[in-house]
Amino acid sequence: AQAATSYHTYAEMQAELNSVVAAYPQIAQKFVAGKSYQGRDIVGLKISDNVATDENEPEVLYIANIHARERLTAEQALDYIGQLTQGYGSNSRITDLVNSREIYVMPMVNPDGQVYDMTSDTQAGRNWRKNRQPNSTSTGTDLNRNFGYRWGCCGGSSGTGSSETYRGTAAESAPETKVIANFVRSRVVGGKQQLKIFLDIHSEAELVLWPFGYTYSDTVAGAMSSDEEATHRTIGRELAGTNGFTPEQSSDLYITDGTTDDWTWGNQRIFSFTFELGGGSFYPPPSAIDTQVARSREALLRLTAYADCPY
Ligand code: 0X9
Ligand code: ZN
């Protein structure tokens, strides 16, 4: 399967998910996790055999486009949906994954920001990163600084509304953050978190990152054992070996607090990663989509496979 030849608008993304469900109803189911600040649906696909049933299978969650302008990331998520659905029944590796996992993909978790960014006369967008929620001085919360594990503790986020890394008034003060976090919490069944792997897809620094971002320490008593750190590092390095990105702990890039992956690991104990895709800018030409997306196809499949590792 080929990736898209132009970037999906929010409406086109919705139409794409609907057509995948129509074509593959036995393995694809759409869900609305909640609404954005401006009232748009934050949607995803569940892909699995017996998709209407919550089977006892390890689960994975991939989210994309939390930063509005990082346009390639939604294409990577949609391409992954295409790989899984089109390969089902013909590619044995993909068939096995779909049969043995419950895979959740949310291609545009910041729809207001995405629509605003795309409302532009130029092929590039408005260079918008945050959501579109007004704050005391300006517009927008950086959703990747608004999650509730050590929120605002340690640096790399700002209390100033106009900042690109504005952390919001409190953890989960942005509706989109709450929708994502509520979805993750909803996967706790019988007291056990079913999600075993989480991936947040960004661009464009060509990185494979793992927690924590809030501290330079590799290990944290009670929160990241040396075994857990080694598991993240081993998986992260293997994935980077397939897409050619640089693997490192998040804080090796720079200190950040309130990020998605610090929360999904720190609060929920889901093995968590952030990718920064390539492309050389937030707006690679549409002709580059297929080449860039192809680089990480193998990494996404391997990460899904890791969901049933006996860590
Ligand atoms: O600063 C960010 O949010 C990410 N870079 S981006 O250019 N896409 O904005 C990097 C976040 C790295 N830290 C963690 N993932 N914890
Ligand atoms: Zn980003």
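The values are calculated or read from the model by the stated rules, or taken from the named source; none is laboratory data. What you see is a predicted model; the values in this text were computed from it and never measured. Don't worry about glycine lacking a Cβ; one is built from the backbone with ideal geometry, like all the others, and counts go over all protein chains shown.
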* Structure fact -> Sole miss for Asn131 among (1) in contact with a strand residue (DSSP E or B) (Cβ under 8 Å, 6 or more places away or on another chain); (2) crowded, with 24+ Cβ neighbours inside 10 Å; (3) part of a loop (DSSP other than H, G, I, E, B) is condition (1)
* Members of region 134-149 found to be part of a loop (DSSP other than H, G, I, E, B), under 17 Å from His202 (Cβ atoms) and not hydrophobic (A, V, I, L, M, F, W, C), listed by number -> Gly140, Thr141, Asp142, Asn146
* Asked: In this structure, is Tyr149 more than 16 Å from ligand 1 (Cβ to nearest atom), of a type in the set (Ser, Thr, Tyr) and surrounded by 20 or more Cβ atoms within 10 Å (Cβ to Cβ)?
  -> no
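Do we have any residue at all in region 184-192 that's crowded, with 16+ Cβ neighbours inside 10 Å and under 17 Å from the mean Cα position of the chain (by Cα)? Before the answer, list the steps.
Within region 184-192, the subset crowded, with 16+ Cβ neighbours inside 10 Å is 184, 187.
Retained after the next criterion (residues that are under 17 Å from the mean Cα position of the chain (by Cα)): 184, 187.
Yes; the residues of region 184-192 include at least one that is crowded, with 16+ Cβ neighbours inside 10 Å and under 17 Å from the mean Cα position of the chain (by Cα).
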* Which residues, counting only those in region 71-106, are within 16 Å of ligand 1 (Cβ to nearest atom) and either touching a helix residue (DSSP H, G or I) at 6+ places or on another chain (Cβ under 7 Å) or among the β-branched types (Val, Ile, Thr) (or both)? -> Leu72, Thr73, Ala74, Glu75, Gln76
* To do: Could you tell me whether region 26-36 includes any residue that is crowded, with 24+ Cβ neighbours inside 10 Å and either within 16 Å of ligand 1 (Cβ to nearest atom) or not small (Gly, Ala, Ser) (or both)?
  => no
* Determine whether Thr264 is within 16 Å of ligand 2 (Cβ to nearest atom), assigned to a helix (DSSP H, G or I) and either closer than 20 Å to Gly148 by Cα or not hydroxyl-bearing (Ser, Thr, Tyr) (or both). => yes
* Structure fact -> Scanning region 107-128 residue by residue, those buried (at least 21 other Cβ atoms within 10 Å of the Cβ) and of a type outside the set (Ser, Thr, Tyr) turn out to be Pro107, Met108, Val109, Asn110, Pro111, Asp112, Gly113, Gln114, Asp117, Trp128
* Being within 14 Å of ligand 1 (Cβ to nearest atom), modelled with pLDDT of 95 or more and under 30 Å from Glu57 (Cα atoms) narrows it down to one of Gly241, Gly191, Gly236, Gly222, so name that one. => Gly236
* Which one of these is acidic (Asp, Glu) and out of contact with any His (no Cβ under 6 Å at 6 or more places or on another chain): Glu276, Glu238? -> Glu238
* To do: Please indicate, with yes or no, whether at least one residue in region 51-60 is more than 16 Å from ligand 1 (Cβ to nearest atom), farther than 17 Å from Gln194 by Cα and out of contact with any strand residue (DSSP E or B) (no Cβ under 6 Å at 6 or more places or on another chain).
  => no
* Which members of region 209-233 meet the condition of being within 15 Å of Thr260 (Cβ to Cβ) and out of contact with any Asp or Glu (no Cβ under 8 Å at 6 or more places or on another chain)? -> His232
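Hey, among the residues in region 259-284 that are of a type outside the set (A, V, I, L, M, F, W, C) and within 9 Å of ligand 1 (Cβ to nearest atom), which one's surrounded by the fewest Cβ atoms within 10 Å (Cβ to Cβ)?
Residues of region 259-284 of a type outside the set (A, V, I, L, M, F, W, C): 259-262, 264, 266-269, 272, 274, 276, 278-281, 283-284.
Restricting the remaining residues to those that are within 9 Å of ligand 1 (Cβ to nearest atom) gives 259-262, 272, 274, 276.
Working: Thr259: 31, Thr260: 28, Asp261: 26, Asp262: 29, Ser272: 26, Thr274: 25, Glu276: 19.
Looking at residues that are of a type outside the set (A, V, I, L, M, F, W, C) and within 9 Å of ligand 1 (Cβ to nearest atom), I get Glu276.
Among the listed residues Ile103, Ile47, Ile66, identify the single one that is farther than 26 Å from Glu206 by Cα, touching a Ser or Thr at 6+ places or on another chain (Cβ under 9 Å) and surrounded by 18 or more Cβ atoms within 10 Å (Cβ to Cβ). Give the derivation first.
On the way: Ile103 fails: farther than 26 Å from Glu206 by Cα; Ile66 fails: farther than 26 Å from Glu206 by Cα.
Just one listed residue meets the conditions, Ile47.
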